[in-house]
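Okay, so here's the structure we're looking at.
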Amino acid sequence: MRSHNSFFFLLICIVLFGILSGCAEDEDRNLRTDLPTEANQIFLISRLQYEHLFTALTPYQQFLNPEGLVLPGCPDVKVEEDLKRITLTYREVEGCENSDRRTGVIILDLALQNSSVPRWFMEFKDYTFEGDTIQGIKTFGQIGPGEVIETFEMLRIIAENQSSFVLNGALTHSYNSFNLETDLISSIGEINGKNPVGRQITSRNSQPLISAKSCFLAEDNLPVSGEELWEIQRGNSNSVLHTLKYETSGICETTAKMVLPDGRNLILNP
């Protein structure tokens, strides 16, 4: 009888060991997720976030002067003065350099931009930049001289390969002049949401991101400097950290570099 009990005890130990080993292998596999793929997904979100920043912060009065209005992509501009609503329609335009980078529509509702509590809205209708699509609405509010807060909920980003992200965010943009005659904007804030496989993602700034209007107009749509920390959840309460750095080697020549969780460096815009 003792030998039978010993046999069954040994069998149970073997089964438990197999289960625990399988869990450990699953967790190890989870941690070995394709890090460069994650890095490129993060870069997609970041570059789309800042690609249209100067458009979002353009005052209503500037849209009333079409001869002096310069926007990348040469969109058709429709102004509804009674509503203070601007519709920008993007399509490829003959003679307009880089107009093939964007398609779709952006609607700016600027009726309250100069109210006692200034705020305005930016709606994306199948707006696509280099094959990646944004859908949803962003809200902007003036919170002080030269300071604007941007918020969004359930903003949807669809990559060219049809993988998608759902994001919430709150960012503060600071500049020296209310009418944006200044060239530089400093941005800090947080973005959170889900990546294509359902993992929680969160970003915060370790350094402010600096965007330059001159580079925006020259179609270099990346921030010229700054650093973001992107945390991605794994199973069993684990997470990994990607560090996205923007560095400029020359005038509007920005390099986006990701420091992967394993220490490797990856250039995202070679």
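A few remarks follow.
- Residue pairs meeting the criteria (Cβ under 8 Å; at least 6 apart or on separate chains; first touching a residue at least 24 places away in the same chain (Cβ under 8 Å), in segment 182-196; second acidic (D, E) and surrounded by 15 or more Cβ atoms within 10 Å (Cβ to Cβ)): G189/E150; N195/E38
- Any hit, segment 181-193, residues being out of contact with any Leu (no Cβ under 9 Å at 6 or more places or on another chain), among the acidic types (D, E) and surrounded by 15 or more Cβ atoms within 10 Å (Cβ to Cβ): yes
- Taken over segment 157-170, residues that are under 21 Å from A39 (Cβ atoms) and either at pLDDT 95 or above or assigned to a strand (DSSP E or B) (or both) amount to 7.
- Per-region count, segment 218-259, residues under 18 Å from P72 (Cβ atoms) and loosely packed, with under 15 Cβ neighbours inside 10 Å: 4
- Flag if K245 is within 18 Å of F43 (Cβ to Cβ) and basic (K, R): yes
- Test for L229: is it farther than 25 Å from K138 by Cα and aliphatic (A, V, I, L, M): no
- Condition met for I201 (under 25 Å from N98 (Cα atoms), β-branched (V, I, T), touching a Phe, Trp or Tyr at 6+ places or on another chain (Cβ under 8 Å) and not in a helix (DSSP H, G or I)): no
- Check on N179, at pLDDT 90 or above, among the polar types (S, T, N, Q) and outside any strand (DSSP E or B): no
- Of the residues examined, D220 is not one that is under 25 Å from Q62 (Cβ atoms), among the acidic types (D, E), in contact (Cβ under 8 Å) with a residue 12 or more places away in the chain and in contact with a helix residue (DSSP H, G or I) (Cβ under 7 Å, 6 or more places away or on another chain).
- Residue among E38, E51, E27, E80 that is modelled with pLDDT of 90 or more and in contact with a helix residue (DSSP H, G or I) (Cβ under 9 Å, 6 or more places away or on another chain): E51
- Residue within segment 229-246 that is closer than 30 Å to S99 by Cα, modelled with pLDDT under 90 and either within 17 Å of the chain's Cα centre (by Cα) or part of a loop (DSSP other than H, G, I, E, B) (or both) present: no
- Restricting segment 134-150 to residues that are touching a residue at least 40 places away in the same chain (Cβ under 8 Å) and not basic (K, R), the residue that is farthest from S174 (Cα to Cα) is I134.
- Condition met for E97 (in contact (Cβ under 8 Å) with a residue 40 or more places away in the chain, exposed (fewer than 13 other Cβ atoms within 10 Å of the Cβ) and either within 23 Å of E130 (Cα to Cα) or of a type outside the set (G, A, S) (or both)): yes
- No other residue among S115, S163 is in contact (Cβ under 8 Å) with a residue 12 or more places away in the chain, surrounded by fewer than 17 Cβ atoms within 10 Å (Cβ to Cβ) and not hydrophobic (A, V, I, L, M, F, W, C) apart from S163.
The values are calculated or read from the model by the stated rules, or taken from the named source; none is laboratory data. Note that the structure is predicted; figures quoted are calculated from it, not measured. In this analysis, Cβ positions are derived from the backbone assuming ideal geometry, glycine residues included, and neighbour counts consider all displayed protein chains.
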